[in-house]
Amino acid sequence: MLRISLFFCLSCLAHSAFSQYHTDKTLQLRLKALTDSFHGVAGVYVYNLRTGREAAVNADTVFPTASIVKIPILIGIFDKIGQGAFTYHQSLIYRDSLAKKGSGLLQFYKDSSETDLKTVITLMITHSDNSAAVWCEKLAGGGPAINTWLEAHGFRDTRVNARTPGREQNKQAYGWGQTTPREMARLVTMIRKDEVLTPAASQAMYRIMTHVFWDEYALSQLPPYVQSASKQGMVDDSRSEVVLVNAPHGDYVFYVATKNNTDKRWVPENEAWQLARNVSALLWEYYEPHYKWKPSAGIR
C-alpha cells in the first residue's frame, strides 16, 4: 500500500510540476481553431522551454502511441545498458523469428546476420523499425520493466500495453502503447534536459532522435537546418507526432495526437498528417516570426 501511495504522489507531483506554467491563451485559441474542425479526436500540447508558457487542447486525454511507444522502450534499453546488462556496441545475432511486419529494415535481414545493439536501437527510432523495437523491448525486460520506470518517475498514463500481462484491455483500447500529449512532451523534455537516467544516456538518446527518417509531416514545416528531435506513430485511425525543436530563440516541444480518425487513407493529404503540418507551421511562425523561411514550392 505504501508503494502504491508513493507512486501516486510522485505521479501527482510530476503532473503538477509540468502544469504550473502560465497558459499562452493566444496560442491556445489558435491551436483550438485547428483541432476543432478535425474529424476524430485531436489533442495538442505545446511547451516553450525558454518562457515556461504552455498551450493545451485535450492534453490530458489518453491516445494510442503507435510507434511513439518506442521512446519508453528506448529509455528501457538504455537503462539496461547503464546497469551493465549490455554494452552499447554489443554484438547481436538476428533471427528471422524476430521479424515484424510494418515499418523498418531489420525484417529484411537474413537469418543469423550479425549486427550490434547500437544499430538495432538506431533503427528502432530513426526508421521506426518494428522488429528492432520488439527486440529492444525484450532486451529491456519487456513492458513490466519499462512501465515500472514510467510509474516511478510520475507518468500516470504512459504505458507499454503489448506483451504486458494485466494490460490486455488497454491493448484492446489503445494498441501497443498509450500516452497523453502532456506526458509524452514531458518525457521528451526530460531527455532534452539530461534528466533521464544519466546525462550521457539522455544525450545519446536525444542525438538518435534528431536523425528521424519520417520527415514529411510536422518536420516538413521546419527549416531543414534547424535541429529537431522527434518520433512519429501511425496506424489506420490514429496518427501522432512529438517534436522538440532547438529553435534560434528557445527550444519548444509539441505533441499532436489523434484517434478515431475518419480519414484512414495512407496518402500525403491524410487529415491527421495535415493537422500535424499545420500545428508545426503555426508554432514555427509564432515562436520565430522574424525568421523568414517557408517550405519551398514543390517540396511536397
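The values are calculated or read from the model by the stated rules, or taken from the named source; none is laboratory data. All values derive from a computational prediction rather than experimental measurement. Quick reminder, even Gly has a Cβ in these numbers, built from the backbone with ideal geometry, and neighbours come from all protein chains shown.
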Q.
Could you check region 251-265 and list, in sequence order, the residues that are under 20 Å from the mean Cα position of the chain (by Cα) and not polar (S, T, N, Q)?
A. Asp251, Tyr252, Val253, Phe254, Tyr255, Val256, Ala257, Lys259
Q) How about region 150-170: which of its residues are charged (D, E, K, R), part of a loop (DSSP other than H, G, I, E, B) and within 15 Å of the chain's Cα centre (by Cα)? A) Asp157
Q) Taking region 277-300 only, how many residues are more than 18 Å from Asn246 (Cα to Cα) and at pLDDT 95 or above? A) 1
**Q.** Search result, residues across region 196-211 that are over 22 Å from Leu150 (Cβ atoms) and touching a helix residue (DSSP H, G or I) at 6+ places or on another chain (Cβ under 7 Å)
**A.** His211
Q.
Filter region 283-298 down to the residues that are touching a residue at least 12 places away in the same chain (Cβ under 8 Å) and over 25 Å from the mean Cα position of the chain (by Cα) and list them by number.
A. Tyr291, Trp293
Q) If you take the residues of region 216-273 that are among the aromatic types (Phe, Trp, Tyr) and not in a strand (DSSP E or B), which of them is farthest from Asp129 (Cα to Cα)? A) Tyr225
Q: Tell me which of these Gly40 doesn't satisfy, since it passes every other one: (1) at pLDDT 95 or above; (2) closer than 16 Å to Thr189 by Cα; (3) not charged (D, E, K, R).
A: (2)
Q | Odd one out for Val242 among (1) farther than 18 Å from Val188 by Cα; (2) out of contact with any Pro (no Cβ under 7 Å at 6 or more places or on another chain) | A | (1)
Q. How many of the residues in region 190-200 are in a helix (DSSP H, G or I) and either crowded, with 24+ Cβ neighbours inside 10 Å or among the aliphatic types (A, V, I, L, M) (or both)?
A. 3
(Q) Among the residues in region 226-237, are any farther than 13 Å from Lys70 by Cβ, charged (D, E, K, R) and touching a Gly at 6+ places or on another chain (Cβ under 9 Å)? (A) yes
Q) Within region 4-27, is there a residue that is among the polar types (S, T, N, Q), modelled with pLDDT under 95, over 22 Å from Thr189 (Cβ atoms) and not assigned by TED's automatic domain parsing to the domain that holds Thr262? A) yes
**Q.** Which listed residue, of Ser228, Ser238, Ser280, is surrounded by 18 or more Cβ atoms within 10 Å (Cβ to Cβ) and without any contact (Cβ under 8 Å) to a residue 40 or more places away in the chain
**A.** Ser228
Q: Could you check Gly166 against (1) out of contact with any Phe, Trp or Tyr (no Cβ under 8 Å at 6 or more places or on another chain); (2) on the phi < 0 side of the Ramachandran plot and say which number it fails?
A: (2)
Q: Output the number of residues of region 171-189 satisfying the condition of being assigned to a helix (DSSP H, G or I) and either surrounded by fewer than 18 Cβ atoms within 10 Å (Cβ to Cβ) or touching a strand residue (DSSP E or B) at 6+ places or on another chain (Cβ under 6 Å) (or both).
A: 9
(Q) Exactly one condition in (1) within 16 Å of the chain's Cα centre (by Cα); (2) in a loop (DSSP other than H, G, I, E, B) is false for Asn147; which is it? (A) (2)
